[in-house]
There are 2 protein chains.
Amino acid sequence: MAHSFTMTDYFDKHHERLQQAVEATQTRAAWSPFNDSPSRKIHGDAVDAGLAAFQARLNKPFEIDQPGTIGQTGMEVSPYTQEPLGVTYPKVDVDVLYQAARKAIPAWGEAGARTRVGVCMEMVERLNKNSFESANAIMHTTGQSFPMAFAGGGPNAQERGLEAIVYAHLAMSRVAEGALWERAFGSTKVKLQKQYRLMPRGIALVITCATFPTWNAYPAIFANLATGNAVVIKPHPLTILPMALAVDILRGTLRDAGLDPNLVTLIVDTPAEPIAKELVTRDDTALIDFTGSAHFGKWIEDNARGRPVFTETSGVNSVVLDSTNDLKGLAQTLGMGLCLYSKQMCTSPQNVYIPRNGFGVGDSRLTFDETAQTLVESINGLLSDNARAGGVLGAIHNETILNLIERAEELAPSRAKLLRESKPYAHPDFPNARTRTPVILGLDISDNDIYSREWFGPVIHFIAADSSEQALQQAASDAKQFGAINSYAYSTDAQFIERAQNAFGDAGANVSINMIGPMPLTYAAAFSDYHVSGLNPAGNATLTDEAFVSGRFRIVQSRMAV
Amino acid sequence: MAHSFTMTDYFDKHHERLQQAVEATQTRAAWSPFNDSPSRKIHGDAVDAGLAAFQARLNKPFEIDQPGTIGQTGMEVSPYTQEPLGVTYPKVDVDVLYQAARKAIPAWGEAGARTRVGVCMEMVERLNKNSFESANAIMHTTGQSFPMAFAGGGPNAQERGLEAIVYAHLAMSRVAEGALWERAFGSTKVKLQKQYRLMPRGIALVITCATFPTWNAYPAIFANLATGNAVVIKPHPLTILPMALAVDILRGTLRDAGLDPNLVTLIVDTPAEPIAKELVTRDDTALIDFTGSAHFGKWIEDNARGRPVFTETSGVNSVVLDSTNDLKGLAQTLGMGLCLYSKQMCTSPQNVYIPRNGFGVGDSRLTFDETAQTLVESINGLLSDNARAGGVLGAIHNETILNLIERAEELAPSRAKLLRESKPYAHPDFPNARTRTPVILGLDISDNDIYSREWFGPVIHFIAADSSEQALQQAASDAKQFGAINSYAYSTDAQFIERAQNAFGDAGANVSINMIGPMPLTYAAAFSDYHVSGLNPAGNATLTDEAFVSGRFRIVQSRMAV
């Protein structure tokens, strides 16, 4: 086994980082191995090199030397230029690809947990080194601003991947390799040598999403790989390039480790000929990870026929305003949270509840209109400068989101008050960018046919409630029934805060209280923030808990008389 | 909270046992807190008291003060007397019962992991104290012999339950209660206090089986309870009493701890009006554990719609004979393994492969006929005395198993050679017992339409293979395709042993090598033996690994600006 040395080397090479990561997942205090600022001061030439690498990918086939290639496909369009990227990817014969993946598994299983963890750590390291090329790819497929594409799609996503490796490493380490077992039956002592072997499940399908591809994909990919499975990645047909880059890097790492690169492969489809259902229902798909719509996530759960499924879908995230001592800070933070990436995130707040009996600000109470106006003005200020707007809003991922905005605006004046109109803004760097500022509708709490579902895109609801208490109950009830990942509450009343923690907790919606400051509301830190509870329709898997990894491998035992 | 002291007390009371159990699950060396011999020398008056308690249950309603009782039902018949037990159980309004269970969950969740683990430990202790009443109930519903009903249904089952508590305890303990999190965004330091709350999933349905009710049920029940869920138990309609006794004890423990007894409830149905499908598909069934047929297990997996499902069903367990140095010991051990409880166990060996080119015994080789004859003679010897036959075979659970025996015998002479005929034997204590000795068919490896499925009951196949290698491949392939829990191989050849470990390991069938001695082949030790791999159709859950508990609770987070 000439490659053994190399493989073990990766574990040793990253041992210190792994130990730090283990400690971080246990304490869940802040820890980051990577810097998530794209600053040239920190990264130097890597900034330009990444851009150049991205540009060199355009208008040509993306070569992946995986088996079963029967053509080329790909139709991504940049939300910033609204021009095709011109990148094509292998169109595959799925049977051939699956066969190659299956063939790669036994040696990967036999390589052992230590080797696999080492190789996965090296993969994360290499993904990190390629963060700038990846950030450009994410930007020009998702419409994220460059800083977000770098931070959220690069270091933050890589760290979530690392976190999954840690959980897999710990879960596997806790299984004894064997035991000498002795007990008496009657007067005879029976002595058995037992071996416990960790076994992969097989081929793991990872279906990634259109707007935040890497952040959920990396944890799934690494949880699967570290536990011995092969991974087949099926990206959203409009957001392929970031995953193709990852596949390229992961295959390269496997090759350098003397392992079969077909442990990681890519299947690209088109909106006209989607392939996800076929992949999900294949008998030889052993595990399924999915990020995307709640509708299709539910379909997968319903059709998984006993295979483990890990989903993160969407939700109705609420903000309940009770009281604050810092209206300006609140308006800035919440305004930013409502605008960030044009609200194209599963964690974005959508429904802002404002009590009709007054939002407590210091010793006074603001009316619904006063509160709404303060928030609208804060958002207007934030977006008044096009350069800043570009950094905050980014671009709109696709045309259907423009339709969504139209449908929202058509609700006024009959069903809603138009508190803020959506308009294109001129992106300073990309004059053809598909852009819209957010529309804000004024609604009553009785209008739950409108607000009790996800409006994925820059559509915000300000909802008048009789009281913050009523708002809390409605928001928590919607979270439970329709799904929510995050929820937000602002209050100076310790008892209200406790009720909010309990109500959202019971609904399985993580809650952030009195968040004011430069941290984006939607920010979820690897090693510390649990993402998605699994207790409401927003998804069934948590990044990252033990349940995210423990079912991805199995244990087979042999026992022998000594 | 007047009951807090009592509850905490249970954790303290059992703390030492818990610590020992934690160590045992980690090392997986032999450890037993309970003695599994039913000897009067050890247990004294408990033996007669248990029998008397069982007899006092007969011919009257079994009172359970759970809500929703709308009548009485129950139609169990003792396989030993073939007379009705005459015990009836509450017939329930499921909606009312579920409502009561749901109502009980919040306080149980808020009681905290430590309290729940303590209460569960106390439950196990009380179950153990009632092992003799339970053993009589198991004997007279399943047909097990009394010693097996005591050991397997009592201490061994209680220990598997304790093991599940340990895994739940450890999994919950590994989640930090909170973290103080600080990082800089730009020049500003953000400081958050985070709380991580363990949340139950809801109502857990545990469907228990006809022949070994407690052994799989206790782990499921305790994994669910320890993680904060309520448990609804739906026993097999012919084997209710053992579960009713458990429900009674668990409800009593909850009541003594000042908790809502409706955390554990019983739903009894009849073969004519089965209710399992209705319970599985209820929206408010949050978790499902099932022990029973592979067919219904698959139906549950297919219809679970995203809810976690844990199954243990059935398999085709094989024995591959390659070579031995102890023919007599092998024949005794294997003969006992084939006969025990009339082969009405999911772990029983069924298909014994004998190489046509000779079974190596020391320096000589036995023909198929010589090997078969040796095994048949060993079995005949074992069963020659009715008292001993009673202890080994027990009784036949139900009439359909008699039909199965008939169908097997009808295969001779056209499709099979009748190597041993099945006959009733006279049970020394119960002249009306439903008894049969095993039928043994001689088959060829080409007869896989006959042997490649489970024959649940005293039907054994001796299969002639060209070689032990061919036998191994067929046995492993059947395990993978049709499911197997255990497999067995006898060989003096280290390389053959390794091939057997690999082949059965790849098929997800635990393998026991060269087992000779007083330990029953089917014995699986809590804290040491992993039961079911999840890698073949014999079930998807393992007793007990982390995956068996980790998905039964969820984590919800709150974070607050400091």
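Values in this text are rule-based calculations from the coordinates and carry no lab data. Here the structure is a predicted model, which means the values were calculated and not measured. For neighbour counting, all protein chains shown are included, and Cβ atoms are generated from backbone atoms with ideal geometry for every residue, glycine included.
Taking neighbour Cβ counts within 10 Å as the exposure measure, how do A:LYS103, B:LYS41 sort from fewest upward?
Details: A:LYS103 14, B:LYS41 7.
By the 10 Å Cβ count, ascending, the order reads B:LYS41, A:LYS103.
For B:ILE354, what residues show an amide H to amide H distance below 5 Å, using hydrogens built from the backbone and excluding near sequence neighbours?
B:ILE463, B:ALA464, B:ALA465
Which cross-chain or sequence-distant (5 or more) residues have an amide H under 5 Å from the amide H of A:TYR89, H modelled 1.01 Å from N in plane?
A:PHE62, A:THR73, A:GLY74
Taking the label point 7 Å from Cα in the Cβ direction, how far apart in nm is B:ASP93 from each other copy of itself, listed shortest first?
6.3
Considering only DSSP beta bridges whose two residues both sit in chain A, what percent are antiparallel, to the nearest 5?
On the way: 31 of 72 bridges.
DSSP beta bridges in chain A are roughly 45 percent antiparallel.
Mind jotting down the three principal axis lengths of the protein assembly as shown based on Cα atoms? Whole angstrom, largest first.
Here the Cα extents, ordered largest to smallest, are 96, 67, 47 Å.
For A:547-554, what's the mean count of beta carbons from other chains sitting within 10 Å of each residue's beta carbon?
Values: counts 11, 2, 3, 8, 11, 1, 4, 11.
That works out to 6 on average.
With respect to the symmetry axis carrying chain B onto chain A, which residue of chain B exhibits the smallest Cβ distance to that axis, and what is the value in whole Å?
Residue of B nearest the axis onto A, distance in Å: B:SER550, 2.
Quick one: 3J(HN,Hα) in Hz for the range A:539-544, Karplus 6.51/-1.76/1.60 with θ = phi - 60°, rounded, Gly and Pro as x.
Running phi through 6.51 cos²θ - 1.76 cosθ + 1.60 with θ = phi - 60° gives x, 10, 10, 10, 9, 10 Hz.
Enter the Cα centre distance for the pair the range B:253-292 and the range A:180-229, rounded to the nearest angstrom.
Each part's Cα centre sits 30 Å from the other's.
Taking the Cβ of each residue in A:PHE132, A:PHE290, A:PHE146 as the centre, tally the other Cβ atoms inside 10 Å and list the residues starting with the fewest.
Details: A:PHE132 24, A:PHE290 29, A:PHE146 21.
Least to most surrounded, the residues fall as A:PHE146, A:PHE132, A:PHE290.
By how many degrees, between 0 and 90 and to the nearest 10, does the Cα long axis of helix A:113-129 differ from the longest principal axis of chain A?
Value to nearest ten degrees: 40.
Pop out the ³J(HN,Hα) list for the range B:197-211 in order, Karplus 6.51 cos²θ - 1.76 cosθ + 1.60 with θ = phi - 60°, rounded to Hz; leave Gly and Pro as x.
10, 7, 10, x, 7, x, 8, 9, 9, 10, 9, 9, 9, 7, 10
Assigning unit charges at the beta carbon (Lys, Arg +1; Asp, Glu -1) and nothing else, what dipole magnitude in debye, to the nearest 20, does the range B:318-513 show about its Cα centre?
On the way: 15 positive and 23 negative charges, 86 e Å.
For this selection, approximately 420 debye.
Give me B:MET123, B:MET172 ranked fewest to most by other Cβ atoms within 10 Å of their Cβ, as a rough exposure proxy.
Numbers: B:MET123 29, B:MET172 22.
Neighbour counts put them in this order, fewest first: B:MET172, B:MET123.
In deg cm²/dmol, rounded to 500, what helix-only [θ] at 222 nm does chain A give when every DSSP H run of at least 4 residues adds -39500 (n - 2.57) and the total is split over its residues? Can you show the working numbers first?
Numbers: 21 runs with 241 residues, N = 562.
One gets -13000 deg cm²/dmol as the mean residue ellipticity at 222 nm.
Of the listed peptides B:356-362, A:151-157, A:477-483, A:64-70, what is their order by residue-averaged count of other C-beta atoms within 10 Å, with the highest listed first? Write out the running numbers ahead of the final one.
Numbers: B:356-362: 17.9, A:151-157: 25.1, A:477-483: 20.9, A:64-70: 16.1.
The peptides rank, most packed first, as A:151-157, A:477-483, B:356-362, A:64-70.
Quantify how strongly other chains surround peptide B:192-202 by giving the mean number of their Cβ atoms within 10 Å of each of its Cβ atoms.
Details: counts 10, 1, 8, 3, 6, 7, 0, 6, 1, 3, 1.
For this peptide, the per-residue mean of nearby foreign Cβ atoms is 4.
Calculate how steeply helix A:494-506 sits against the longest principal axis of the alpha-carbon atoms of chain A, using the helix alpha-carbon long axis, and give the answer as 0 to 90 degrees to the nearest 10.
The angle comes out at about 50 degrees.
Just the Cα atoms of the range A:318-513: what Rg and Dmax do they give in Å?
16.0, 50
Can you compute 3J(HN,Hα) from phi for each residue in the range A:361-375, using the Karplus curve 6.51 cos²θ - 1.76 cosθ + 1.60 with θ = phi - 60°, rounded to whole Hz and x for Gly and Pro?
Going residue by residue, I get 10, x, 8, 9, 10, 8, 6, 4, 4, 4, 5, 4, 5, 4, 5 Hz, with x marking Gly and Pro.
If you place +1 on the Cβ of every Lys and Arg and -1 on the Cβ of every Asp and Glu, how big does the dipole about the Cα centre of chain B come out, in debye to the nearest 20? Provide the component values of the computation, followed by the final result.
Details: 48 positive and 59 negative charges, 341 e Å.
Taking the Cα centre of chain B as origin, the dipole is about 1640 debye.
Can you list the copy-to-copy distances for A:ASP256, using a point 7 angstrom from Cα toward Cβ, in nanometres, shortest first?
6.2
State the answer as a single residue: which of B:LEU180, B:GLY152, B:ALA204 lies farthest towards the positive end of the charge dipole of the range B:131-210, with beta carbon charges of +1 for Lys and Arg and -1 for Asp and Glu, about the Cα centre.
B:LEU180
Can you list, shortest first in nanometers, how far A:LYS298 lies from the same residue in the other copies, with each label 7 Å from Cα toward Cβ?
For A:LYS298, the other copies' label points sit at 2.8 nm, shortest first.
Using a simple charge model, +1 on the beta-carbon of Lys and Arg, -1 on the beta-carbon of Asp and Glu, nothing else, what dipole does the range A:209-330 show about its Cα centre, in debye to the nearest 20? Write out the running numbers ahead of the final one.
On the way: 9 positive and 14 negative charges, 8 e Å.
Taking the Cα centre of the range A:209-330 as origin, the dipole is about 40 debye.
Averaged over peptide B:299-309, how many Cβ atoms belonging to another chain are found within 10 Å of each residue's Cβ? All intermediate terms of the calculation are to be shown ahead of the outcome.
On the way: counts 0, 1, 4, 5, 2, 5, 5, 11, 2, 5, 1.
Partner Cβ neighbours, averaged per residue: 4.
Amide H neighbours of A:MET199 under 5 Å, at least 5 residues apart or on other chains, H built in the peptide plane: list them.
Those qualifying (amide H under 5 Å, at least 5 residues apart or on another chain) are A:ARG554, A:ILE555, A:VAL556.
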